[in-house]
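The values are calculated or read from the model by the stated rules, or taken from the named source; none is laboratory data. No experiment lies behind these values; they were computed from the predicted model shown. Glycine gets a Cβ as well: all are built from the backbone with ideal geometry, and neighbour counts include every protein chain shown. These area figures cover heavy atoms from the full protein model, side chains too; ligands, DNA and RNA do not enter into them. Shrake-Rupley method; radii C 1.70, N 1.55, O 1.52, S 1.80 Å.
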Amino acid sequence: MTLTLPDLDAVARDRDEGPGHLVGLVGTGIGPSLTPALHEHEGDAQGMRYLYRRLDLDVLGLGAHDVGRVLDAARLTGFSGLNVTHPAKQTVLAHLDRIDPDAAALGAVNTVVLGPEGAVGHNTDRSGFARSFRRGLPGVAVDRVLLLGAGGAGAAVAHALGDVGVGELLVADADRSRADALAAAVRDTGRVRTAVVGTADVEAVLRGVDGLVHATPTGMAAHPGTPVAPDALHPGLWVADVVYRPLATALVTAARARGARVLDGGGMAVFQAVDAFRHFTGVEPDAGRMLGHFAALVAAGA
Ligand code: NAD
């Protein structure tokens, strides 16, 4: 019997399933994140070779200021891009070749595309909240909205509220200087009037606004409780929570019980991944399929 060498070009052609994608999530405390599963499941469904790695700064013995090293390593090893989370969403800015104006305006990047243009930063927390809001609370009044929490998520949400047409944004945070800085940054965009509200006045203010967006960690397992007294919630209000673990936070449950229209934090979590997937691959993901996968993961206790 004569052994012949396979036609290597033909083998390569047979195996050509389009470009594969290697992406990752950089940050700390990222073990429980559902983002890697959301991306890989969608990549599989699209027939792509898609691998999403966790790059935990604690495990790597690195700090927030070392994110540039991770970026360099990812670029050298062929990553298509990285998601970036706490504590590196701001420190990564110094290592980018270009920043999308929407991300630059809020001073934080959660998605870096590594491609021919170098490292390009985006913020899909902003676009993801806006898309979740339009989908989950269609037609609600947005003349006057109170944002509670002016940290990382709060900043993305504040700018997204400008994107969905909010007229006046009131900002409250336990750290008043954060509320001041965020209100000034949003006001500087020239699209939204802003004011700062003391946390002691939040419940009174809720009587005169269309909606409340909650962006503090209150309601997570480690920070139980509601960020406002449940009795301050009423049927004339819509309430959007960004906390999504659990989805039914004490605030979401209390708001529903008082007849308010409610948006939980799951939509923002999914749509930030939808938008990042598109940035990494250039392919439009199936948002409905990703929402369904997210719901299945949550139902399974992931
Ligand atoms: P952060 O630490 O950057 O900011 C939290 C802010 O809340 C701080 O400014 C703090 O001073 C303020 N704060 C805390 N307790 C307060 C209180 N009782 N009253 C008023 N202000 C208070 O945190 P972050 O990264 O902005 O995350 C906040 C929450 O958003 C977390 O639960 C996180 O899981 C969630 N999050 C959700 C998504 C999503 O996709 N749904 C995305 C990002 C963050």
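Some points to look at:
- Restricted to the range 112-154, and to residues there that are assigned to a strand (DSSP E or B) and within 15 Å of the ligand (Cβ to nearest atom), the residue that is farthest from LEU169 (Cα to Cα) is HIS122.
- Residue pairs meeting the criteria (Cβ under 6 Å; at least 6 apart or on separate chains; first within 13 Å of LEU146 (Cβ to Cβ), in the range 166-187; second acidic (Asp, Glu) and open to solvent by 40 Å² or more (accessible area, probe 1.4 Å)): GLY167/ASP143
- Members of the range 29-73 found to be farther than 16 Å from ALA276 by Cβ, part of a helix (DSSP H, G or I) and without any contact (Cβ under 8 Å) to a residue 24 or more places away in the chain, listed by number: ASP44, VAL59, LEU60, ASP66, ARG69, ASP72, ALA73
- Any hit, the range 74-84, residues being over 16 Å from ALA273 (Cα atoms), among the small types (Gly, Ala, Ser) and open to solvent by 60 Å² or more (accessible area, probe 1.4 Å): no
Residue-wise test of (1) open to solvent by 30 Å² or more (accessible area, probe 1.4 Å); (2) modelled with pLDDT of 95 or more; (3) of a type outside the set (Val, Ile, Thr).
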site: MET1; (1), (2), (3): yes, no, yes
site: LEU5; (1), (2), (3): yes, no, yes
site: LEU8; (1), (2), (3): yes, no, yes
site: ASP14; (1), (2), (3): yes, no, yes
site: GLU17; (1), (2), (3): yes, no, yes
site: LEU25; (1), (2), (3): no, yes, yes
site: THR35; (1), (2), (3): no, yes, no
site: HIS39; (1), (2), (3): no, yes, yes
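- Candidate set: the range 88-111, residues that are in a loop (DSSP other than H, G, I, E, B) and open to solvent by 60 Å² or more (accessible area, probe 1.4 Å); chosen: the one modelled with the lowest pLDDT: GLN90
- In the range 163-209, of all residues being open to solvent by 40 Å² or more (accessible area, probe 1.4 Å) and part of a loop (DSSP other than H, G, I, E, B), the one that is nearest to VAL239 (Cα to Cα) corresponds to GLY165.
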